[in-house]
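The values are calculated or read from the model by the stated rules, or taken from the named source; none is laboratory data. These numbers come from a predicted model, not from an experiment. So basically every Cβ, Gly included, is an ideal-geometry build from the backbone, and we count neighbours across all protein chains shown.
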Amino acid sequence: MVVRLTRRPLTVAAAERWLTVGPGGGVVVFAGRVRPDRRGASKVVALDYEVDRVPALVQLRAIERTARQRFRARGLLLWHRLGRVRAGELAVVVGASCTHRAEAFEAARYLIDELKTTVPIWKEERGSPARQPPRRRARPGGQSVG
Amino acid sequence: MTPSVRVRLFATARLVIGRARLSWSVPEQGLSARELVAALEEAYPRLAPTLRVSRFLRNDHYLSDLGEALSPGDEFVVHPPYGGG
């Protein structure tokens, strides 16, 4: 499927299989992973993705149409995960198969840039619990002091 | 039953007011999208910064003109800036 919004894991291998069926000589796949960024004492362990599905699908298909014409693409895909995506997993995969490499690179760049800015998908970070600083031992009968 | 529009909020907009859906009465004289946005800002002042950078849809179509009138039964959707990928 060219356009896919799914709760199932995405793989580059599946994208490559999809794009190498056609006759394109240049195939580019871009995959975006969830980074385990630090947020102070906490760490991002997952991202929760939500979508407004109907306008998102309309927009993804519009991106596909434009890319097909502009880059004479022979094959395209725009796949995005929904729901909880854990750090290290793929959140998005886009790809283009074109006659030559230059168009394929440009098309893949266009797909991911447009997807990020024009498709109604949002993410919310889920972090590991912040580590508490070690407690100082309280003095008998009084508060712990610095 | 009071004529109303359904309001749906995503992401930051939902988090700010703690609700994903609202029902908003349509007065007798009618209600434009701009008037609804202003009413939402007044009812939820913390939502105002998000509304200023949001896109709006009526019945799954982007609104290019906030002067458009909303009809009872319409769904009005607030899309804060997107963050896919």
Name the pairs whose Cβ atoms lie under 6 Å apart, with the first residue in region B:61-80 and within 14 Å of another protein chain (Cβ to nearest Cβ), the second modelled with pLDDT under 95, and 6 or more positions between them or separate chains?
none
Could you say whether any residue in region B:21-32 is free of Cβ contacts under 8 Å to residues at least 40 places away in the same chain and in a helix (DSSP H, G or I)?
no
Take the residues in region B:10-30 that are at positive phi and either hydrophobic (A, V, I, L, M, F, W, C) or touching a strand residue (DSSP E or B) at 6+ places or on another chain (Cβ under 8 Å) (or both); name whichever of them is farthest from the other protein chains (Cβ to nearest Cβ).
B:Gly30
Select from region A:47-74 the residues that are out of contact with any strand residue (DSSP E or B) (no Cβ under 8 Å at 6 or more places or on another chain) and among the charged types (D, E, K, R) and list them in ascending order.
A:Arg65, A:Arg70
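Filter region B:49-60 down to residues that are among the hydrophobic types (A, V, I, L, M, F, W, C) and within 14 Å of chain A (Cβ to nearest Cβ) and give me whichever is farthest from B:Leu22 (Cα to Cα).
The qualifying residue farthest from B:Leu22 (Cα to Cα) is B:Val53.
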Strands (runs of 3 or more DSSP E) enclosed by region A:29-146 - at least 1 residues per element that are at pLDDT 95 or above and loosely packed, with under 14 Cβ neighbours inside 10 Å:
A:42-51, A:83-86
Of the residues in region A:109-124, those that are within 11 Å of the chain's Cα centre (by Cα) and more than 13 Å from A:Gln59 (Cβ to Cβ) come to A:Ile112, A:Trp122, A:Lys123
Reported set for region A:105-129 where residues are farther than 29 Å from A:Arg38 by Cβ and more than 13 Å from every other protein chain (Cβ to nearest Cβ) is A:Phe105, A:Glu106, A:Ala107, A:Tyr110
